[in-house]
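Have a look at the structure below before the remarks.
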There are 2 protein chains.
Amino acid sequence: MSKLVIVGTVAFDAIETPFGKTDKILGGAATFIGLAASQFNVDGAIVSIVGGDFPKEDLKMLEEKGMDISGLEVVEDGKTFFWSGKYHNDMNTRDTLITDLNVLADFNPIVPENYRDAEVVMLGNLHPLVQLSVIEQMDSPKLIVLDTMNFWMDSALEELMSVIAKVDVITINDEEARQLSGEYSLVKAAHKIMEMGPEYVVIKKGEHGALLFSDDDVFFAPALPLEEVFDPTGAGDTFAGGFTGYLAKTGDYSYNNMKNAIINGSALASFCVEKFGPERLLKLSNSEVHQRLQQFKSLTQFDIKLT
Amino acid sequence: MSKLVIVGTVAFDAIETPFGKTDKILGGAATFIGLAASQFNVDGAIVSIVGGDFPKEDLKMLEEKGMDISGLEVVEDGKTFFWSGKYHNDMNTRDTLITDLNVLADFNPIVPENYRDAEVVMLGNLHPLVQLSVIEQMDSPKLIVLDTMNFWMDSALEELMSVIAKVDVITINDEEARQLSGEYSLVKAAHKIMEMGPEYVVIKKGEHGALLFSDDDVFFAPALPLEEVFDPTGAGDTFAGGFTGYLAKTGDYSYNNMKNAIINGSALASFCVEKFGPERLLKLSNSEVHQRLQQFKSLTQFDIKLT
């Protein structure tokens, strides 16, 4: 069992989907990553920042899930980062209605002393300079995983490129991979991104699954076909949390084990979308996860004999 | 080894893609289906119609691939069906430029006497009444597979529904499944379509793979991630030909074997798109197919131990 450092937002979200809408509920990349990783009972720490308005019971909940929150700064006279969005009918696209950075505007991440020797670092979607600062505080991690998005390509490309150069794995969605590489073909895009630094490139295609590239190898994990996607918020972060949580638990960072990690990430993401925000992840039993992994086996495994 | 009856167009296509354009080349659903099925050395018959302008060497080629063409009518003073289309830059959408039905306008399909006892029937995309006529000429096939498209939903829905009620498997693309069922969720769409007759529903998602539904089971085969899709024309038909060819070869029409059939169909379709029209299928060796099936294993198979 390796230690896992998670940096990302801990936030309030207000979400509207064709199925309903929420008031401010718990959200944020680090929240979803942490909750997903907690399924593997990893020794994880969340590095983030919230305001005095952030509920103490949510802090306690994260601790009870096994997350060290000594690096989760609480600014008593500040307000927690708030995002509000509305999904279109196809659930694949959304409009951002509100982004209030609040305390996040002056976030200076501090990795707790006893987590600087962690083997695995998960850099959730945040300003590249924050991600860079976390990398610099680590002793010698064996695996650094970066999640990012087009917003940083548009606003802080140079800083983002310097982070990309330092990580082992990047997770990125298909349109963003195209933007970053200038290639339409995802195969070509992945290879161009590998040249920027990462040995492994994970391209997330939402309901169409995820691809893992390394050298000339490629592995594909489908998303579980669901009757309804209720709320996609946090699915990508949950995927990243399942991916890194599984890798930290097993301590095996080989390509073959990353395949298993991707399947675990996809399985957890398939729960995330079933309810608003992290609601479904908060009440997730081991046996439910086990059963879903079995579904992924039935969904993908076949028996063609090849000699 | 079971006999396979294939009905569908044998045609000329003129294709334009971002990579180039062709004059009139060999095309048609039954052509692609037959070429794909021929990889399994099945005892297949093509039921179709062409004009006197159709090259004798192409007829000979189909025979050399093991296809019985006694049900492939040649109307010496007629012209062969001609389709012309232009693909957009994303290769997922296309405009039809020309559709000249020619001899297809008066096509009365005749299944050769010695193929009326065939176990497997592949109804390629054509007017539902032609498909219905073929079904009626068969003795007691064990597996009838239907491919269709939105054009028939718009123009001959009643006739199409009566064909759908008589088949075991329907292959249909995602948007068409949504149109036919009125459901956006592909899981819900598949279950509604099963209620129309077929025990198995295959939903083709192009570059995003294919889903096989039966009862509450679902299996997914990805498309092989390719550096370039050169020309998607015929990929769906090639998939159908690989699917039915494999099933006819093995004589096993179980759900589990259909998984293998879908992978074989996907593997052959991945070759089809590498060159214009059926060019790549015409020069395809057993060892190339074997190697590609191995790639599909690497792409999808993982090793999570579940008890």
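Exactly one residue out of A:96, A:9 is on the phi < 0 side of the Ramachandran plot, surrounded by fewer than 20 Cβ atoms within 10 Å (Cβ to Cβ) and not aliphatic (A, V, I, L, M): that is A:96.
Within segment A:272-283, can you find the residues that are surrounded by fewer than 24 Cβ atoms within 10 Å (Cβ to Cβ) and part of a helix (DSSP H, G or I)? Answer for segment A:272-283, where residues must be surrounded by fewer than 24 Cβ atoms within 10 Å (Cβ to Cβ) and part of a helix (DSSP H, G or I): A:279, A:280, A:282.
Residues that are of a type in the set (S, T, N, Q), out of contact with any Pro (no Cβ under 7 Å at 6 or more places or on another chain) and in a helix (DSSP H, G or I) within segment A:284-307 comprise A:286, A:287, A:291, A:294, A:295, A:298, listed in sequence order. Of all residues assigned to segment B:244-257, at least one qualifies as being surrounded by fewer than 19 Cβ atoms within 10 Å (Cβ to Cβ) and aromatic (Phe, Trp, Tyr).
Against the test of being facing another protein chain (nearest Cβ under 8 Å) and either surrounded by 24 or more Cβ atoms within 10 Å (Cβ to Cβ) or under 30 Å from residue B:167 (Cα atoms) (or both), the options B:293, B:268 yield a single qualifying residue, B:293.
Looking only at segment B:142-160, which residues are farther than 17 Å from residue B:201 by Cβ and touching a residue at least 60 places away in the same chain (Cβ under 8 Å)?
At the first step, the residues of segment B:142-160 found to be farther than 17 Å from residue B:201 by Cβ are B:142, B:151, B:154-159.
Hit for segment B:142-160 is B:142, nothing else.
Among residues of segment B:217-236 that are within 25 Å of residue B:14 (Cβ to Cβ) and within 7 Å of chain A (Cβ to nearest Cβ), those with a Cβ under 8 angstrom from a residue that is surrounded by 20 or more Cβ atoms within 10 Å (Cβ to Cβ) and among the hydrophobic types (A, V, I, L, M, F, W, C), sequence gap 6+ or separate chain, pair up as B:226/B:273.
Of the residues making up segment A:102-120, not a single one is part of a helix (DSSP H, G or I), out of contact with any strand residue (DSSP E or B) (no Cβ under 8 Å at 6 or more places or on another chain) and surrounded by 17 or more Cβ atoms within 10 Å (Cβ to Cβ). For residue B:251, the criteria (1) in contact with a Leu (Cβ under 7 Å, 6 or more places away or on another chain); (2) modelled with pLDDT of 95 or more hold in every case but one, which is (1).
Looking at segment A:76-90, which of the residues that are away from every other protein chain (no Cβ under 14 Å) and touching a residue at least 40 places away in the same chain (Cβ under 8 Å) is surrounded by the fewest Cβ atoms within 10 Å (Cβ to Cβ)?
As a first pass, look at segment A:76-90 and keep what is away from every other protein chain (no Cβ under 14 Å): A:76-86.
Now drop any that are not touching a residue at least 40 places away in the same chain (Cβ under 8 Å), which leaves A:80-86.
On the way: A:80: 27, A:81: 25, A:82: 19, A:83: 20, A:84: 19, A:85: 16, A:86: 14.
Residue satisfying both the conditions and the ranking: A:86.
All conditions in (1) surrounded by 20 or more Cβ atoms within 10 Å (Cβ to Cβ); (2) outside any helix (DSSP H, G or I) hold for residue A:183, with the sole exception of (1).
Looking at residue A:73, is it part of a helix (DSSP H, G or I) and either at pLDDT below 95 or over 19 Å from the mean Cα position of the chain (by Cα) (or both)? Lay out the reasoning, then the answer.
Details: part of a helix (DSSP H, G or I): no; either at pLDDT below 95 or over 19 Å from the mean Cα position of the chain (by Cα) (or both): yes.
Criteria not met by residue A:73.
Checked against (1) in a helix (DSSP H, G or I); (2) more than 17 Å from residue B:245 (Cβ to Cβ); (3) without any contact (Cβ under 8 Å) to a residue 12 or more places away in the chain, residue B:23 passes all but condition (1). Among the conditions (1) more than 12 Å from chain A (Cβ to nearest Cβ); (2) touching a residue at least 40 places away in the same chain (Cβ under 8 Å); (3) part of a helix (DSSP H, G or I), the only one that residue B:263 does not satisfy is (1).
Looking only at segment A:193-205, decide whether some residue is of a type in the set (Gly, Ala, Ser), without any contact (Cβ under 8 Å) to a residue 40 or more places away in the chain and assigned to a helix (DSSP H, G or I). Before the answer, list the steps.
Taking segment A:193-205 as the starting set, the residues that turn out to be of a type in the set (Gly, Ala, Ser) are A:197.
Keeping just the survivors that are without any contact (Cβ under 8 Å) to a residue 40 or more places away in the chain gives A:197.
Those still in the list that are assigned to a helix (DSSP H, G or I) too: none.
Within segment A:193-205 (the criterion being of a type in the set (Gly, Ala, Ser), without any contact (Cβ under 8 Å) to a residue 40 or more places away in the chain and assigned to a helix (DSSP H, G or I)), the answer is no, since none of the residues qualifies.
So for segment B:195-209 (the condition being within 12 Å of chain A (Cβ to nearest Cβ), at pLDDT 95 or above, buried (at least 24 other Cβ atoms within 10 Å of the Cβ) and within 13 Å of the chain's Cα centre (by Cα)), does at least one residue qualify? There is at least one residue in segment B:195-209 that is within 12 Å of chain A (Cβ to nearest Cβ), at pLDDT 95 or above, buried (at least 24 other Cβ atoms within 10 Å of the Cβ) and within 13 Å of the chain's Cα centre (by Cα). The condition (being in contact with a strand residue (DSSP E or B) (Cβ under 6 Å, 6 or more places away or on another chain) and not β-branched (Val, Ile, Thr)) is satisfied by just one residue among B:52, B:66, B:44, B:20: B:44.
The values are calculated or read from the model by the stated rules, or taken from the named source; none is laboratory data. Just so it is clear, the structure is predicted and the values come from calculations on it, not from any experiment. Backbone-built Cβ (ideal geometry, glycine too); neighbour counts: all protein chains shown.
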